[in-house]
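One structure below.
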Amino acid sequence: MRAPLDLAAVEAMDAADPLRAMRDRFILPQGVIYLDGNSLGAAAPAVFNELQKAATQEWGQDLIRAWNTAGWFDMPVALGDQLGRLIGAASGQTVVCDTTSINIYKVLHAALGMRSNRSVIVAEGDSFPTDLYMAEGVASTRPGTVLRLEGVDAPTIEELIDERVAVILVNHVNYKTGQLRDMAALTCKAHQVGALIVWDLCHTAGALPVELDAANADFAIGCTYKYLNGGPGAPAFIYAAKRHHDDVHQPLSGWWGHARPFAFEQSYTAGSGIRRFLCGTQPVLSMRALKGALDIWDDVDMAAVRKKSIALTDLFIQLVEARCGAYGLELEGPRNGDERGSQVSFLHPHGYQVMRALIERGVIGDFRAPSTIRFGFTPLYVGYRDVWQAVEVLEDILRTGAWQEARFAVKTAVT
Ligand SMILES: Cc1ncc(COP(=O)(O)O)c(C=O)c1O
């Protein structure tokens, strides 16, 4: 798509946007253009309503009884099924629990155990670091296990896949560049050599349609605080294909994953189905916030989300290159929309200062060392006019050299 370059045409895109009304379901502060929903999604009144109800009515009045009367105990699986619809998972294969890091540990360890005669874990050298740290942790539990990395041990992940590989841990969308992988093709390649594959969907769930069942994926993990808008620290999720449920043994064998948690038996027996990925008591209030956030998706067509995501990111790239191209910015991720998640990154030698100047002017993206400025486009609440305005501010900051002001050089925690 060739994006129009005048404001009237951009406003016409907003007027024709089938998702436009979704914006009203979110709380966006005045004077802010929020391009960081790929880090922490925006709040929504529906989320606050669920929180309020869970806290004042269920906890406040029902007390301990609410584990049953309000369905708290069953929420991990109920929410998993609700989320499963967004990632192409038939019911009974997704559970909401714990954090992404912890879930990586559980799933990777379990997958390694299912291929006990193999000793290699494959991952991406430029993966989000926690994935690598958790893979190191899993490898350390079984002597002789080695971690092979794309970009370190071979240029592409495909070249690392052979009969020695037990499991591949791979991101569907790269957190820094936004590069999207072909899930079906890589899963097929893994299976051809008998390896298992774990997909990290942190930058995919709620950003674009995902078809885990159709791709024949083995496992997936991901977070719910980015494009799913579950709130800060919202619980993460695990997908495990039904065909693996009976063979899978995850290492964090807590009582919530027990076959009979309320029999209080002395030794562990794994429960059946996806519940065996649970460990201990889950954060009920955060779960309820997530329910409010997931309910919003009941009315959303994921194909429309993907179409808008590509249009927003295409428009942003085109406008930045047309108006800011002279100021040292270089596109870091894919130019082709079909290969891109819902984010755009540019390299700039002084990216940290540029991003701080943008944030001070109300355009919130983020910075990833050493020189990436990263912008996320959440199709449910970002409009085409936001893109136009964000580029106007960026151009002004670069043209005037405002980013060079001394206060932007001081390192502070960045979103
Ligand atoms: C690809 C990826 N994996 C994992 C995480 C974070 O995991 P956790 O929620 O355990 O902090 C992130 C967070 O940004 C991420 O981008």
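Pairing residues of the stretch 188-211 that are among the hydroxyl-bearing types (Ser, Thr, Tyr) and crowded, with 24+ Cβ neighbours inside 10 Å with residues that are part of a helix (DSSP H, G or I) and at pLDDT 95 or above, at Cβ distances under 6 Å and at least 6 apart in sequence or on separate chains, gives no pairs at all.
Kindly establish whether Arg142 is without any contact (Cβ under 8 Å) to a residue 60 or more places away in the chain, outside any loop (DSSP other than H, G, I, E, B) and more than 15 Å from the ligand (Cβ to nearest atom). Against the criterion (without any contact (Cβ under 8 Å) to a residue 60 or more places away in the chain, outside any loop (DSSP other than H, G, I, E, B) and more than 15 Å from the ligand (Cβ to nearest atom)), Arg142 does not qualify. Taken over the stretch 22-59, the residue count meeting the criterion of being out of contact with any helix residue (DSSP H, G or I) (no Cβ under 9 Å at 6 or more places or on another chain), exposed (fewer than 15 other Cβ atoms within 10 Å of the Cβ) and in a helix (DSSP H, G or I) is 3.
Within the stretch 324-338, the set of residues being within 25 Å of the chain's Cα centre (by Cα) and more than 12 Å from Leu180 (Cα to Cα) comprises Glu330, Leu331, Glu332. Of the residues making up the stretch 146-164, those that are part of a loop (DSSP other than H, G, I, E, B) and surrounded by fewer than 18 Cβ atoms within 10 Å (Cβ to Cβ) are Gly151, Val152, Asp153, Pro155, Thr156, Asp162, Glu163, Arg164. Reported count of residues in the stretch 335-374, each being touching a Gly at 6+ places or on another chain (Cβ under 7 Å) and among the hydrophobic types (A, V, I, L, M, F, W, C), is 5.
Within the stretch 236-258, the only residue that satisfies the criterion of being assigned to a helix (DSSP H, G or I), in contact (Cβ under 8 Å) with a residue 60 or more places away in the chain and more than 14 Å from Lys106 (Cβ to Cβ) is Lys242. Name the residues in the stretch 211-228 that are closer than 15 Å to Gly80 by Cα, more than 10 Å from the ligand (Cβ to nearest atom) and in contact with a Ser or Thr (Cβ under 9 Å, 6 or more places away or on another chain), would you? Within the stretch 211-228, Leu212, Ala220 meet the criteria.
Looking only at the stretch 97-114, how many residues end up being assigned to a loop (DSSP other than H, G, I, E, B) and among the hydroxyl-bearing types (Ser, Thr, Tyr)? It would help to see each step written out before you state the result.
Narrowing the stretch 97-114 to residues assigned to a loop (DSSP other than H, G, I, E, B): 97-99.
So of that shortlist, the ones also among the hydroxyl-bearing types (Ser, Thr, Tyr) come out as 99.
So the count comes out to 1.
The rows are residues; the columns are (1) away from the ligand (no atom under 16 Å from the Cβ); (2) in a helix (DSSP H, G or I); (3) surrounded by fewer than 14 Cβ atoms within 10 Å (Cβ to Cβ).
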site	(1), (2), (3)
Asp131	no, yes, no
Val138	no, yes, no
Ala166	yes, no, no
Ala185	yes, yes, yes
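The values are calculated or read from the model by the stated rules, or taken from the named source; none is laboratory data. Nothing here was measured: the structure is a model prediction, and the numbers come from that model. Using ideal geometry, Cβ is built from the backbone for each residue, glycine included, and neighbour counts are taken over all protein chains shown.
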